[in-house]
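Colleague: A single structure is presented below for examination.
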Amino acid sequence: MSRVIVVTSGKGGVGKTTTSASFATGLAMKGHKTVVIDFDVGLRNLDLIMGCERRVVYDFVNVIHGEASLNQALIKDKNLENLFILPASQTRDKDALTKEGVAKVIEDLKTMGFEYIVCDSPAGIETGALMALYFADDALVVTNPEVSSVRDSDRILGILQAKSKRAEEGADPVKTFLVITRYNPKRVEDGEMLSIEDINDILHINLIGVTPESSDILQASNTGVPVILHMKESDVAQAYSDIVDRYLGKELPLRFTEYVKPSFLKKLFGG
């Protein structure tokens, strides 16, 4: 049975597309047939992070408007056999997405045997974002450990509860999972960032993972390979791998969340 997963947040720049790319890649690495859809019509960044920008001929909007088939628009990932990307359009606006069109694309993807359909949502609560979350079975709510980001994520939780298809039909609610990105335990210790406990006190949803603040993400993005695949041994790649495992039902302790004070020798020698 297919699951539709939206990766969402209220605030821009919190790491939604990075999370979408690594989460979808992680599912595919586990052997699941996965597609990731870019809902950010007009901007389109997912194809850059996935390293397939030069392969885009047709896009999501072309399919919705009958200008191309789904098979023509889907791009097979370079590294994984069972991972596909459906890019957004750079030349249309967000109103080019229609509820009926998106519904048909998602149903067709299910018919094609995709186990997981990951929807990379744009920021805010405009048409693209609302379309991305409307059909969701599950939601990864991405937030940074700062007040404005957490507040905006709380707003998104309200919209998921009120404006999703599941809410309209009175079905079981969308399952929500919290992903905290760019977490720096030292800055939390110094009072510069919200702690995990602070964020949990505000949002009260299932914490599925914490990714550390890391320059590895930028390096991976610049090479066009999701960080979970590009730098498998890095802390941030392992954190995303843990998120995928937890989503699939594995119980794992959180990592990279505690500040370890440097020893005297490290301080002495600048380690």
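Colleague: Within region 162-182, identify whether any single residue is touching a Ser or Thr at 6+ places or on another chain (Cβ under 7 Å), touching a residue at least 12 places away in the same chain (Cβ under 8 Å) and part of a helix (DSSP H, G or I), and answer yes or no.
Modeller: no
Colleague: With respect to G170, determine if the residue is on the phi > 0 side of the Ramachandran plot and open to solvent by 40 Å² or more (accessible area, probe 1.4 Å). Full working, then the answer.
Modeller: On the way: on the phi > 0 side of the Ramachandran plot: yes; open to solvent by 40 Å² or more (accessible area, probe 1.4 Å): yes.
Yes; evaluated as a whole, the condition is true for this residue.
Colleague: Which of the residues belonging to region 133-148 are in contact with a Leu (Cβ under 9 Å, 6 or more places away or on another chain) and either open to solvent by less than 10 Å² (accessible area, probe 1.4 Å) or in a loop (DSSP other than H, G, I, E, B) (or both)? Steps first, please.
Modeller: From region 133-148, those in contact with a Leu (Cβ under 9 Å, 6 or more places away or on another chain) are 133, 136, 139-147; that's our starting set.
Passing the criteria: L133, A136, A139, L140, V141, V142, T143, N144, P145, E146.
Colleague: Spot the failing condition for I180; the list is (1) open to solvent by less than 10 Å² (accessible area, probe 1.4 Å); (2) on the phi > 0 side of the Ramachandran plot, and only one is missed.
Modeller: Going through (1) open to solvent by less than 10 Å² (accessible area, probe 1.4 Å); (2) on the phi > 0 side of the Ramachandran plot one by one, I180 breaks only (2).
Colleague: So which helices (runs of 4 or more DSSP H) stay within region 209-271 end to end and still have 1 or more residues that are of a type in the set (F, W, Y), surrounded by fewer than 14 Cβ atoms within 10 Å (Cβ to Cβ) and modelled with pLDDT under 95? It would help to see each step written out before you state the result.
Modeller: Numbers: elements: 216-223, 227-230, 235-247, 264-269.
By residue number, 264-269.
The values are calculated or read from the model by the stated rules, or taken from the named source; none is laboratory data. It should be emphasised that the depicted structure is a prediction, and the values quoted were computed from it without experimental measurement. For neighbour counting, all protein chains shown are included, and Cβ atoms are generated from backbone atoms with ideal geometry for every residue, glycine included. Accessible surface is based on the protein model in full, side chains and every heavy atom, while ligands, DNA and RNA are left aside. Shrake-Rupley method; radii C 1.70, N 1.55, O 1.52, S 1.80 Å.
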